[in-house]
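Please read the structure below before turning to the comments.
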Amino acid sequence: MATLLHIDSSLFPGEASSSRSVTAAFRKSWEEQHPEGTVIYRDLAAAPVPHITADAWSAGYAAPSERTPEQSAAFAARVKLIEELEQANAVLIGAPMYNFSIPSTLKAWLDSVLLLGRTAGETPSAKGNA
Ligand SMILES: Cc1cc2nc3c(=O)[nH]c(=O)nc-3n(C[C@H](O)[C@H](O)[C@H](O)COP(=O)(O)O)c2cc1C
């Protein structure tokens, strides 16, 4: 079954946000084309993900049996986000420009989900197929 991962990151709710209006229009079209599809939704302004930490980052490159309890706990939060990305056939990201960059909440999400050797690299698990 097709799965869309829809991420919004604007500070502003609903139609007050330009990027949310664009993602809502895309999502509506996607849902019409995939009536049996599933949408996973994350609003990074309403529910920000934690910034990556040294434990969360280094755990990604350590064998599970060698992780400290702190690394394991920090990595579990990353894995939840990574698995959402891996489930998705398509990813829809609302990314407004804030100070010539993306919102820091979206950068925090990227820092969590991008893991060389898993989601990123030569054979990425997060490659989509829509
Ligand atoms: C904190 C903040 C920083 C911004 N920085 C820029 C910028 O660097 N360049 C720009 O062209 N617009 C900037 N803007 C304007 C936004 O890009 C514009 O309002 C856009 O509609 C935001 O998308 P949104 O409505 O989905 O949040 C900024 C807006 C905010 C709130």
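The values are calculated or read from the model by the stated rules, or taken from the named source; none is laboratory data. Predicted model, so just to flag it, every value in this text is computed and none were measured. FYI the Cβ positions are ideal-geometry reconstructions off the backbone, even for glycines, and counts take in every protein chain you see. SASA here: full protein model, heavy atoms, side chains in, ligands and nucleic acids out. Shrake-Rupley method; radii C 1.70, N 1.55, O 1.52, S 1.80 Å.
Okay, here's what the table says:
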quantity	calculated
Residues (over 18 Å from His51 (Cβ atoms), within 16 Å of the ligand (Cβ to nearest atom) and free of Cβ contacts under 8 Å to residues at least 12 places away in the same chain) located in the stretch 80-130	Met97, Phe100
Candidates Ser29, Ser65, Ser21, Ser58 - the one that is surrounded by fewer than 17 Cβ atoms within 10 Å (Cβ to Cβ), under 22 Å from Glu86 (Cβ atoms) and not aromatic (Phe, Trp, Tyr)	Ser58
Unmet requirement for Tyr61, which otherwise passes all of (1) over 30 Å from Gly37 (Cβ atoms); (2) touching a residue at least 24 places away in the same chain (Cβ under 8 Å); (3) assigned to a helix (DSSP H, G or I)	(3)
Of all residues in the stretch 18-39 being in a loop (DSSP other than H, G, I, E, B) and out of contact with any helix residue (DSSP H, G or I) (no Cβ under 9 Å at 6 or more places or on another chain), the one that is farthest from the ligand (Cβ to nearest atom)	Glu36
Tally, over the stretch 87-102, of residues that are open to solvent by less than 60 Å² (accessible area, probe 1.4 Å) and out of contact with any helix residue (DSSP H, G or I) (no Cβ under 9 Å at 6 or more places or on another chain)	2
Some residue of the stretch 5-17 being farther than 14 Å from Trp109 by Cβ, away from the ligand (no atom under 13 Å from the Cβ) and surrounded by fewer than 14 Cβ atoms within 10 Å (Cβ to Cβ)	no
Enumeration of residues in the stretch 103-130 that are surrounded by 17 or more Cβ atoms within 10 Å (Cβ to Cβ), out of contact with any Gly (no Cβ under 8 Å at 6 or more places or on another chain) and assigned to a loop (DSSP other than H, G, I, E, B)	Pro103, Leu114, Thr119, Ala126
Some residue of the stretch 40-49 being open to solvent by less than 90 Å² (accessible area, probe 1.4 Å), in contact (Cβ under 8 Å) with a residue 60 or more places away in the chain, β-branched (Val, Ile, Thr) and within 12 Å of the ligand (Cβ to nearest atom)	no
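Okay, residues lined up against (1) part of a loop (DSSP other than H, G, I, E, B); (2) of a type in the set (Gly, Ala, Ser):
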residue: Ala45; (1), (2): yes, yes
residue: His51; (1), (2): yes, no
residue: Ala77; (1), (2): no, yes
residue: Leu81; (1), (2): no, no
